[in-house]
Amino acid sequence: MRPRWTPGRAAMLLAALALVVVWVLPLAWAVATSLKPESETTRTPLEWFGSTLTLDAYRQVWKSGDLTQWMVNSAYISVMTTLLTVVLCAMAAYGFARTDFRGRRTLYGIVLAGIMVPPQVLIAPLFAEMVQLGLVDTYWGVILPQVAVPAMVFILVKFFDGVPRELEEAAFVDGAGRWRVFWTIVMPLSRPVLAAVAIFTFISTWNNFLWPFLVTTDPNGMTLPVGLVNVQSSYGVRYAQMMASVVVAGLPLLIVFALFQRQIVRGVAHTGLAGQ
């Protein structure tokens, strides 16, 4: 049976269409501008398409910097950060959700308070720490400060609270320890939410500009956003090339989201946060 069109359903559809337009319109403008000749990007009145469609902006962006190396750097940093974040946040969340130790509530409150702390506040002490450890201009100097994510701990705690304790108790009766229960029972059951956490972490790490910009000075170690900004600042404002850089930097994320959007939706649904 076809769903009935009610005022509420129509309003939701209109709101969804408005959000689609708000999201798609800037992306479409960026793509259209990147395909214009540079001399026509500032022409008034504004036009969606130039006199010709050209890929010169993409060629110039590719020639101006080491795009391949920057992509490899971004991919490596994003993957390693994602793996470490998922494993460490999952272990911390399981500890808060399933173990009882002195100071657990206080420590969990401190972790939750970390959600309200702007990351910019921690930049100075983190940079000083990386200098002391000799990790400036290294992959680990970019990765390690991004691994501790209080919001992900909170999401995983919410999920672990909903895992039936009977499954773990049965494993304990069979002689399994806490560590084995965590890896063989809890983690496989948590695949939807872990996939969502991994995707969110990967996207935020790929897009992160400020911290990699501060801790990286070697062009060979730059991530893609940092490298593209450095190229733009060296050659002045060129709008076609700027938009081409935006498209190049965002294309991998669009592919990731298109491939794993089902896991993202399932993960959010399993956390119990969808209706809050």
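The values are calculated or read from the model by the stated rules, or taken from the named source; none is laboratory data. Since the structure is predicted, the reported quantities are computational estimates derived from the model, not experimental observations. Every residue, glycine as well, gets a Cβ built from its backbone with ideal geometry; the counts of neighbours run over all protein chains shown. Heads up: the accessible areas ignore ligands, DNA and RNA and are worked out on the full protein's heavy atoms, side chains in. Shrake-Rupley method; radii C 1.70, N 1.55, O 1.52, S 1.80 Å.
Starting from segment 151-171, take each residue that is open to solvent by 10 Å² or more (accessible area, probe 1.4 Å) and list its partners that are at pLDDT below 85 and outside any helix (DSSP H, G or I), counting only C-beta distances under 8 angstrom and pairs at least six apart or across chains.
155/273; 158/272; 158/273; 159/190; 159/272; 162/272; 163/190
Please find, among 136, 142, the residue that is out of contact with any strand residue (DSSP E or B) (no Cβ under 7 Å at 6 or more places or on another chain), crowded, with 19+ Cβ neighbours inside 10 Å and among the hydrophobic types (A, V, I, L, M, F, W, C).
That would be 142, the only listed residue that is out of contact with any strand residue (DSSP E or B) (no Cβ under 7 Å at 6 or more places or on another chain), crowded, with 19+ Cβ neighbours inside 10 Å and among the hydrophobic types (A, V, I, L, M, F, W, C).
Out of 104, 98, which single residue is closer than 28 Å to residue 190 by Cα and without any contact (Cβ under 8 Å) to a residue 60 or more places away in the chain?
None of the other options fit; the residue is 104.
Which count do you get for residues in segment 53-71 that are without any contact (Cβ under 8 Å) to a residue 60 or more places away in the chain, open to solvent by 40 Å² or more (accessible area, probe 1.4 Å) and either farther than 19 Å from residue 223 by Cβ or charged (D, E, K, R) (or both)? Even if it seems obvious, please write down each step before you answer.
Going through segment 53-71, the residues without any contact (Cβ under 8 Å) to a residue 60 or more places away in the chain turn out to be 53-55, 59, 62-63, 68.
Checking which are open to solvent by 40 Å² or more (accessible area, probe 1.4 Å) leaves us with 53, 55, 59, 62-63, 68.
So of that shortlist, the ones also either farther than 19 Å from residue 223 by Cβ or charged (D, E, K, R) (or both) come out as 53, 55, 59, 63.
Number of matching residues: 4.
In segment 98-125, what residues are hydrophobic (A, V, I, L, M, F, W, C), more than 23 Å from residue 205 (Cα to Cα) and surrounded by 10 or more Cβ atoms within 10 Å (Cβ to Cβ)?
107, 110
Do we find a residue being touching a residue at least 24 places away in the same chain (Cβ under 8 Å), open to solvent by 80 Å² or more (accessible area, probe 1.4 Å) and not β-branched (Val, Ile, Thr) anywhere in segment 75-82?
yes
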